[in-house]
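Read-outs: derived from the displayed coordinates by stated rules, not from any lab. Only a predicted model underlies this, so the values are computations on that prediction, with no experimental measurement involved. Positions of Cβ are generated from backbone atoms using ideal geometry, with glycine treated the same way; all protein chains shown enter the neighbour counts.
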Amino acid sequence: MQPSEGKGATPLGDRKEERPSKAAGIIAIVFIAVAVSLAASGIAVWITTGSQQMRENNKPDYDGYAYELKQSGSVKLHTLVTEPERVTLEAVRGNVSASRFYGINGGFFYNGQLLSIAVVNDQPVGGQAGAYGSGADNMRVPRGTLVWDGVKDQLSVQVVSNQAELAVSDRDHYWAQGGISMKPKDEAGWQQQIEKELAPFPDDDRLRTAVVYDAEGHLYLIVTSTKTTLAAFRVAIIASIPTIEDGIFLDGDGSSQLRSFEASLSGDGRRVEQMIRLARKDEKL
C-alpha cells in the first residue's frame with residue numbers, strides 16, 4: 001500500500017513516510033521470492049507426489065510410446081504408438097486396465113486357454129511349448145499372425161496354424177501375435193480372407209481391438225471405446241493411419257481393453273488371458 005501524501009507535511013514527516021515505503025518494498029520483494037520458492041516447491045511436490053501415486057497405484061513409468069485419440073465417423077480410436085522392439089507379449093490372466101502393464105488385450109481365448117499364437121523367442125507365453133492353449137497355435141484354421149523379426153527389425157503378417165510355421169531369421173529373437181488378417185491394401189479380398197479365418201461376429205456392433213504397422217515400421221495398438229462393425233473399424237483405422245502397411249484384428253467386444261497413463265478401457269470388465277504390452281523403462285527384452 002502506498003503512503004498518502006498529505007498537504008503541509010514537514011520534511012521529517014516526509015522521511016517518516018519514506019521508511020514504511022521502503023519497508024513495504026522489502027516486504028514485497030520477500031513475498032515474491034517466497035511465492036516463487038513455494039511455486040517451485042509446489043512443482044517439485046506435484047512431480048514427486050505424482051510419481052509416488054503412480055508407484056502406489058502399481059503404474060510403473062513407461063516411455064517410448066505416444067497416446068493418440070482419434071475419431072473417424074462414429075468410431076473412436078484409442079491408440080498407443082510405439083516401436084516393435086519396445087513391445088512384448090504377456091499372459092496377463094486378468095483385466096488389462098487393472099494390470100501393472102501398459103498395453104492392450106491380445107488374441108482369442110476360451111476357458112483360460114489361448115486360442116491364438118502368442119510367442120516370444122519361440123516360447124509360448126501361456127504355458128509349455130506344445131501344450132494345448134499355451135499360445136503355440138492358432139486354433140481351428142490358419143490365421144493372420146503379426147510377426148516381428150528382431151534380427152531384421154521387420155514386421156510382417158503371416159497366415160499360419162502354429163509357431164513352427166513362422167518364418168523368422170532367429171528363433172531366439174522375435175515375437176508373434178495371432179489374430180485375424182486385416183489386409184488394409186486389399187479392398188477386393190479382405191472380406192473373403194476374414195471369412196476363411198472365421199472372424200467372429202464381423203457384422204455386429206462391438207468394441208474392437210487391432211494392432212497394425214505403417215510403412216516406417218511404427219506399431220499401433222488400437223482399441224475402440226465405441227461399438228462398431230469390423231468393416232467400419234477397418235475403414236476408421238485406414239483413415240487415421242494413411243501410411244498403414246498391414247495388421248491384424250484381435251479379440252474384441254468385452255475383451256477390448258487398454259491401459260496407459262492417458263487412458264483406461266476395461267471392456268465389460270472381464271478377465272483376458274493375454275495382452276500385448278509395452279516394455280517398462282530400462283527393461284531389457
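What the table below lists for this structure:
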| quantity | calculated |
| --- | --- |
| Cα-derived Rg to Rh of segment 145-232, Kirkwood definition | 0.99 |
| Relative counts (whole %) of C-alpha pair distances in segment 174-220, using bins that are 5 Å wide | 5, 16, 23, 29, 17, 9, 2 |
| Rg over Rh [alpha-carbon atoms, Kirkwood Rh] for segment 66-278 | 0.92 |
| Computed lengthening from VAL81 to ASP153, 0.36 nm per intervening residue step minus Cα-Cα distance | 24.3 nm |
| Stretchable slack from VAL141 to ASP268, in nm (0.36 nm times residue separation minus alpha-carbon distance) | 43.0 nm |
| Karplus 3J(HN,Hα) series, Hz, for segment 106-112 with 6.51 cos²θ - 1.76 cosθ + 1.60 (x for Gly, Pro) | x, x, 6, 7, 7, 6, x |
| Amide H partners (placed H, <5 Å) of GLN154, local residues excluded | ASP149 |
| Phi to ³J(HN,Hα) by Karplus 6.51 cos²θ - 1.76 cosθ + 1.60 over segment 69-78, Hz, x for Gly, Pro | 10, 10, 10, 10, x, 9, 9, 9, 10, 9 |
| Theoretical gain in end-to-end length, GLU165 to GLN192 [0.36 nm per residue, Cα-Cα removed] | 7.5 nm |
| Of LYS196/LYS284; LYS70/LYS183; LYS185/LYS284; LYS196/LYS227; LYS183/LYS281, those spanning more than 31 Å from alpha-carbon to alpha-carbon | LYS196/LYS284; LYS185/LYS284; LYS183/LYS281 |
| Selection of chymotrypsin sites (Phe, Trp or Tyr not before Pro), segment 89-152, meeting DSSP coil and at most 13 other Cβ within 10 Å | TYR132 |
| Check: segment 114-229 dipole with +1 on Lys, Arg Cβ and -1 on Asp, Glu Cβ, in debye | 260 |
| Test item: Cα-centred dipole of segment 66-278, Lys/Arg +1 and Asp/Glu -1 on Cβ, debye | 600 |
| For segment 278-284, 3J(HN,Hα) per residue [Karplus equation, 6.51 cos²θ - 1.76 cosθ + 1.60, θ = phi - 60°, Hz, x = Gly/Pro] | 7, 5, 6, 4, 6, 6, 9 |
| Rg in Å to one decimal, and Dmax rounded to a whole Å, for segment 117-165 via C-alpha atoms | 10.6, 30 |
